[in-house]
Every structure is written in C-alpha cells, then in structure tokens.
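Student: Right, I'll just put the structure down here and ask away after.
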Amino acid sequence: MIGTDARRTDSVEATERLGEALAPALRVGDVVVLQGDLGAGKTRFVSGLARGLTPGARVRSPSFTLVNEYRGPASRLTLYHLDLYRLGTGEVDGLGLEEYAEQGALAVEWGDRLPAAWSEDALTLVFDVLADDARVISASASRGRGLELLAAWRALPELA
C-alpha cells in the first residue's frame, strides 16, 4: 500500500459519524473494502456512510442477503453494502459486481475476498478492536481512486 492513515473512535456513534463524514467523497464506481473481526464495527461504519448519502437509512448486515441497497429519494448516489463472509473467493464473481459499480458505490465487508482487480483502486479500511467500543480504523490505498478516497479520509475533521 502506498498510503495509510489511522483514526481512533471511542464509541459506536463516533464510528458511524466517521462513515457519515466520508460519504460525500463517494461517487459511482467507488469501492470501500472493510476488514476486521466479527463485531469490529464494519456495519456501524456503513450505517454512517448510508446516513451520509440517504438521511434516515436503516442499515442491517447483509450477511444472509449478501447485498443491501441504500438510496433515498434525494440521494445523489446508491450505496451497495455487500457482505462476503459466507462466500468463497470463487463465488464472488457471480454477484454481478460490475452492475453495482455502474450504478453506485460499494461498501464491502470481508472485502479481502474480492478479486484483486476490485481492490486495487479501493480504499481499504481495517477495523481493530481496542476495548469495549474503542476502535482503530486504519485506511490504506495503493492507486487511482483509492488514493483520492484516502486523501478525503485524511481531510476529515477529528470527530469526538
């Protein structure tokens, strides 16, 4: 990875606010890869992303549906929330990622299961649990649009 940056959040709400603050930087075709253990805060972060794009969005983990879509009547962008936990690497190819990327931005939990071509231009966020609700979220990118999103991440204000 060329660039990295880490942020600490000390509450569920702070994790969500971080996602909400990043949401305006997203555009069609963007991929945000989310990695971390179960319960690390990935879905909470996506809740913030969705709220930043679609006020009032209620986010649920797509563990069993695989893909959830968030778009409100005034939303400028559709957010596709994918959870690849239950899939093997070969099964991801059949999800139709190209169609989702043509219509909106992708937030992909367990994104390490994406084919390499999908993660090359992505912003990758790794969630590490410190204690209770405290997290360190490390952002990295290696090229293209991922680096632009990393710059947007770095420009976010410190959120309490």
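The values are calculated or read from the model by the stated rules, or taken from the named source; none is laboratory data. In this text the structure is predicted, and so the values were computed from the model without any measurement. Here the Cβ positions follow ideal geometry from the backbone for every residue, glycine too, while neighbour counts run over all protein chains shown. Please note that ligands, DNA and RNA were not included when accessible areas were found on the heavy atoms of the full protein model with its side chains. Shrake-Rupley method; radii C 1.70, N 1.55, O 1.52, S 1.80 Å.
Student: Looking only at residues in the range 36-64 that are farther than 25 Å from V129 by Cβ and surrounded by fewer than 17 Cβ atoms within 10 Å (Cβ to Cβ), which one is modelled with the highest pLDDT?
Tutor: Residues of the range 36-64 farther than 25 Å from V129 by Cβ: 53-56.
Next, only the ones that are surrounded by fewer than 17 Cβ atoms within 10 Å (Cβ to Cβ) stay: 55-56.
Details: P55: 68, G56: 64.
It comes out as P55.
Student: Got a number for residues in the range 1-23 being assigned to a helix (DSSP H, G or I) and in contact (Cβ under 8 Å) with a residue 60 or more places away in the chain? Outline the logic, then answer.
Tutor: Applying the first criterion (assigned to a helix (DSSP H, G or I)) to the range 1-23 yields 12-23.
Filter once more, keeping what is in contact (Cβ under 8 Å) with a residue 60 or more places away in the chain: 12, 14-15, 17-18, 21-22.
Matching residues across the range 1-23 total 7.
Student: On the basis of being modelled with pLDDT of 85 or more, among the β-branched types (V, I, T) and either touching a strand residue (DSSP E or B) at 6+ places or on another chain (Cβ under 6 Å) or surrounded by fewer than 18 Cβ atoms within 10 Å (Cβ to Cβ) (or both), does V129 make the cut?
Tutor: Working: modelled with pLDDT of 85 or more: yes; among the β-branched types (V, I, T): yes; either touching a strand residue (DSSP E or B) at 6+ places or on another chain (Cβ under 6 Å) or surrounded by fewer than 18 Cβ atoms within 10 Å (Cβ to Cβ) (or both): yes.
Criteria met by V129.
Student: Condition first: surrounded by fewer than 15 Cβ atoms within 10 Å (Cβ to Cβ) and part of a helix (DSSP H, G or I). Can you find one or more residues in the range 116-124 that meet it?
Tutor: yes
Student: Can you find, within the range 100-115, the residue that is surrounded by the fewest Cβ atoms within 10 Å (Cβ to Cβ) among those that are among the charged types (D, E, K, R) and assigned to a helix (DSSP H, G or I)? Can you show your working first?
Tutor: We begin by selecting, within the range 100-115, every residue among the charged types (D, E, K, R); these are 102, 109, 112-113.
Pick out the ones that are also assigned to a helix (DSSP H, G or I) and you get 102, 112-113.
Details: E102: 10, D112: 14, R113: 22.
Per the stated criteria, the residue is E102.
Student: Quick one: would you say L159 is open to solvent by 40 Å² or more (accessible area, probe 1.4 Å), in contact with a helix residue (DSSP H, G or I) (Cβ under 6 Å, 6 or more places away or on another chain) and either outside any helix (DSSP H, G or I) or at pLDDT 85 or above (or both)? Don't jump to the end; show me each part of the working.
Tutor: Values: open to solvent by 40 Å² or more (accessible area, probe 1.4 Å): yes; in contact with a helix residue (DSSP H, G or I) (Cβ under 6 Å, 6 or more places away or on another chain): yes; either outside any helix (DSSP H, G or I) or at pLDDT 85 or above (or both): yes.
Taking the combined requirement at face value, the residue satisfies it.
Student: Further question on the same structure: Keeping to the range 137-155, report how many residues are aliphatic (A, V, I, L, M) and open to solvent by 20 Å² or more (accessible area, probe 1.4 Å). Give the steps one after another, and end with the answer.
Tutor: Of all residues in the range 137-155, those aliphatic (A, V, I, L, M) come to 137, 139, 141, 147, 149-152, 155.
Of the ones still in play, those that are also open to solvent by 20 Å² or more (accessible area, probe 1.4 Å) are 147, 151-152, 155.
Number of matching residues: 4.
Student: Is there a residue in the range 78-99 that is at pLDDT 80 or above, in a helix (DSSP H, G or I) and either surrounded by fewer than 23 Cβ atoms within 10 Å (Cβ to Cβ) or aromatic (F, W, Y) (or both)?
Tutor: yes
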